[in-house]
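First the structure, in the form of C-alpha cells, and then the observations on it.
The values are calculated or read from the model by the stated rules, or taken from the named source; none is laboratory data. This structure is a prediction, so every number in the text was calculated from the model and none was measured. Cβ atoms come from the backbone with ideal geometry, glycine included; neighbour counts cover every protein chain shown.
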Amino acid sequence: MTHQDPAISTGDTDRFSVLALTAPVAMGYIPLGTVFGFLFVQAGAAWWLAVLSSLVVFAGAAQYTRVRQFAPNPPPFSTPRPQCLSGFQAGFSKILVMARF
C-alpha cells in the first residue's frame, strides 16, 4: 500500500488539496485579524496602520501589545513590559513543546 503526501498531489486536485490544508488556519486567522483591526482603530489609529502592522509585525501577540504605541498620546514605556511578558510566554511554551519531542 502506497501513501501519498497530501501536500504533494497531482492533477486537478492540487487546488482543492491546498485549500483543504489551509482552510482551518484561515478560520482562525480571519477572526483574529478582524478583532485586531477593530481594536487598532478603536484605540485611535488610522485603519491603514492596522494593515501595515499586520504585514510588518510577525510576532503574533506582539501586534496586540503594540496597539497602545500607535494610539494618540501613548503613555511612556507602555509597550516594553507587555512585549517582554508576551515574549516570555512564547519562550516557555516552546520549551514545553521541545521537551515532548
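Quick rundown of the values:
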| item | result |
| --- | --- |
| Helices (runs of 4 or more DSSP H) (entirely within the range 16-101) containing at least 2 residues that are modelled with pLDDT of 80 or more and surrounded by fewer than 11 Cβ atoms within 10 Å (Cβ to Cβ) | 47-56 |
| Counted residues, the range 21-62 - those being of a type outside the set (A, V, I, L, M) and farther than 26 Å from residue 93 by Cβ | 5 |
| Pair list, Cβ < 6 Å and 6+ apart or interchain, from the range 31-47 residues that are more than 14 Å from residue 72 (Cα to Cα) to residues that are of a type in the set (A, V, I, L, M) and part of a helix (DSSP H, G or I) | 37/50 |
